[in-house]
1. Test B:I276 against the stated conditions and say whether it is of a type outside the set (F, W, Y), part of a helix (DSSP H, G or I) and touching a Gly at 6+ places or on another chain (Cβ under 8 Å).
2. With (1) within 18 Å of B:W180 (Cα to Cα); (2) touching a strand residue (DSSP E or B) at 6+ places or on another chain (Cβ under 6 Å); (3) in contact (Cβ under 8 Å) with a residue 60 or more places away in the chain; (4) surrounded by fewer than 21 Cβ atoms within 10 Å (Cβ to Cβ) as the list, and A:K36 as the residue in question, which single condition is left unmet?
3. Please identify the pairs in which a residue from region B:106-117 that is over 19 Å from B:L55 (Cβ atoms) has its Cβ atom under 8 Å from the Cβ atom of a residue that is surrounded by 13 or more Cβ atoms within 10 Å (Cβ to Cβ) and small (G, A, S), counting only partners at least 6 apart or on another chain.
4. Quick one: which of B:G48, B:G43 is in contact with a Lys or Arg (Cβ under 6 Å, 6 or more places away or on another chain), modelled with pLDDT of 95 or more and among the small types (G, A, S)?
5. Can you work out which of the residues in region B:83-95 that are more than 14 Å from every other protein chain (Cβ to nearest Cβ) and more than 26 Å from B:V214 (Cβ to Cβ) is surrounded by the most Cβ atoms within 10 Å (Cβ to Cβ)?
6. Kindly evaluate B:A147 against the criterion of being more than 21 Å from B:M74 (Cα to Cα), more than 9 Å from chain A (Cβ to nearest Cβ), aliphatic (A, V, I, L, M) and part of a helix (DSSP H, G or I).
7. Just wondering, is there one or more residues in region B:19-29 that are within 18 Å of B:V206 (Cβ to Cβ), polar (S, T, N, Q) and buried (at least 23 other Cβ atoms within 10 Å of the Cβ)?
8. Go through region A:121-165 and report how many residues are within 20 Å of B:R188 (Cβ to Cβ) and touching an Asp or Glu at 6+ places or on another chain (Cβ under 8 Å).
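The values are calculated or read from the model by the stated rules, or taken from the named source; none is laboratory data. Values in this document were obtained by computation on a predicted structure and should not be read as measured data. Don't worry about glycine lacking a Cβ; one is built from the backbone with ideal geometry, like all the others, and counts go over all protein chains shown.
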Amino acid sequence: MQEKVEAQNILSMNSVEVLYDNVILAIKGVSVQVPKGEMIALLGSNGAGKSTTLKAISGLLKAERGRISRGEITFQGTDITEAPAQKRVEMGICHVIEGRRVFEHLTPDENLTAAAPRGMSRSTLNAEKDKIYAYFPRLVERKNSQAGYLSGGEQQMLAIGRALVTQPKLLMLDEPSLGLAPFLVEEIFGILQKINKDEGLSVLLVEQNALAALEIVSQGYLIENGRVVMHGTAEALKSNSDIQEFYLGGGETDFHNVKHYSRRKRWLS
Amino acid sequence: MDWVFLSELAINGVLTGLLYSLFAIGLVLIYKASSVPNLAQGGLTMVGAYVVLALARDVGLPLWLAIPLAAVVMFGLGFGIERVALRRLAGRPVVMILMLTLGLDIFLRGTTLAIWGGTSRSMELGVSYDPLFLGDIFISRIHLVGAGVALALFVAFMLFFRTRTGIKLRAIADDYMASWSVGISVERGVGLSWALASVVAVAAGVIWGEIQGVDQALSLLLLKGLTVAVLGGLDSILGAVIAGIILGVVENVGADFLDPLVGGGSRELIVAAVLILTVMIRPHGLFGRHDIERV
């Protein structure tokens, strides 16, 4: 029974604890499962530990002097808790980091080239690029201008496209909607959904914009203060009264904020 | 005004300038991948020259073999420096890495002094010392050879930065974190840039060693090379070539006017003035990349 569950999950993260600088406990025993081919959201407010969770999975923690002090992460049944970031990308985990972070002084086309795995043939790379340009037609006309001058939406598309060049099996996105107009968020999320459907790509999405995220994912985890405090299907989360109040913006008056605070605190303990 | 003399000063200024560029290309290579001005490039250049001499004189190889072999040795040294020293500093403030390169320069100078002593040795490339005549203008042959090497390296690196590996190096220079996120080996990239810069150091060491002899003074090329690199924009190879030419001409012609007035030594003043004015007026240099700010 246990093995069957493992086989269905492309990623399994069990009670992972992350320390920064050996002292700061950033996440305190987070368990997250990503079933193969599904889209999963990590929701929560600023500083809840969502980004740290993604970095623990992609191995980018090390660049910020963080480390996993407890728990384990398995990807397709292989323990990757200690694997270097580069190895994880080779295995098929790609992390689109927060804030777009395209290579500003390169052209979009060069941005895609830069992400090509070692040993990828020129023809494979060109085929990958064509596929990415087909998903993001906006990038085609800008492909030879400087990436730093692209609009925010185009940069986010390029960042996702750049990740796709690595041929991931699990794509992780950190706040792709940040600072983008609602119609762009809708466009990008639509494309993500299409890629997920067309290629069976598993997606782990970190979002503060819970409303938009819950429209496209099948399940969501709510993280508060370094812990998972709620987990359920998108429908269940959408209809949960706490989620509605705190994350989907039910129309509350100021008077209720006092109450919010005490209810929030109960989650933390 | 003596136009022949002035054009001789200018032409030799261009050639000398290209020799500065030859040195500065090494600085630019490292800056492009790690955004750190490598203060050890002078030391590396000197070590490059000494390694060539060691292979040619002490081992007895012919120069045509000793030079490429030295390039291979220095390529390995460049990678080694990244592996042993720089890797630990990845992600630390740039000023720490800057201090590390300064320490490395002192270390290289001390090591060469201990092994080969302080007396100047000659390179003896076999390039004739008879000047070339272009009409009435004297041109030094070794300067001409060196300028040719500088231009050849310039072309080679311009092409290199369009290859996939070259693009990855430029990506690393742009954003370490984003590079890691897509599986680019930042460590290997930085190591490669140091290795290539060390090969450039061999070329600069051989040419400059031929001109001024191989001794500790070779490491002082850093000051002029840094001035050229800063004027050119630190991360632009084209900038390094053009800035080298500019500095060479300004220095050569300027010194001819100023030396009688101040009684000699004005070359250093001109170099210092160029460095200071560049940083004050145009900190990104002539061709340096700006940090992009979208409005």
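1. On the way: of a type outside the set (F, W, Y): yes; part of a helix (DSSP H, G or I): yes; touching a Gly at 6+ places or on another chain (Cβ under 8 Å): no.
The answer is no for B:I276.
2. Going through the list (1) within 18 Å of B:W180 (Cα to Cα); (2) touching a strand residue (DSSP E or B) at 6+ places or on another chain (Cβ under 6 Å); (3) in contact (Cβ under 8 Å) with a residue 60 or more places away in the chain; (4) surrounded by fewer than 21 Cβ atoms within 10 Å (Cβ to Cβ), A:K36 breaks only (1).
3. B:I106/B:G43; B:F107/B:G43; B:R109/B:G43; B:R109/B:S219
4. On the way: B:G48 fails: in contact with a Lys or Arg (Cβ under 6 Å, 6 or more places away or on another chain).
Unique residue meeting the criteria: B:G43.
5. Taking region B:83-95 as the starting set, the residues that turn out to be more than 14 Å from every other protein chain (Cβ to nearest Cβ) are B:83-86, B:94-95.
From what's left, more than 26 Å from B:V214 (Cβ to Cβ): B:83, B:86, B:94-95.
Working: B:R83: 15, B:L86: 21, B:V94: 12, B:V95: 9.
Top of the filtered list is B:L86.
6. Values: more than 21 Å from B:M74 (Cα to Cα): yes; more than 9 Å from chain A (Cβ to nearest Cβ): yes; aliphatic (A, V, I, L, M): yes; part of a helix (DSSP H, G or I): yes.
Against the criterion (more than 21 Å from B:M74 (Cα to Cα), more than 9 Å from chain A (Cβ to nearest Cβ), aliphatic (A, V, I, L, M) and part of a helix (DSSP H, G or I)), B:A147 qualifies.
7. Here is the first cut: in region B:19-29, the residues within 18 Å of B:V206 (Cβ to Cβ) are B:19-27, B:29.
Within this subset, residues satisfying the condition of being polar (S, T, N, Q) are B:21.
Subsequent filtering for residues that are buried (at least 23 other Cβ atoms within 10 Å of the Cβ) retains B:21.
Yes, the conditions are met somewhere in region B:19-29.
8. Step one: of region A:121-165, the residues within 20 Å of B:R188 (Cβ to Cβ) are A:125, A:162, A:165.
Narrowing the set further to residues that are touching an Asp or Glu at 6+ places or on another chain (Cβ under 8 Å) leaves A:165.
Residues in region A:121-165 being within 20 Å of B:R188 (Cβ to Cβ) and touching an Asp or Glu at 6+ places or on another chain (Cβ under 8 Å): 1 in total.
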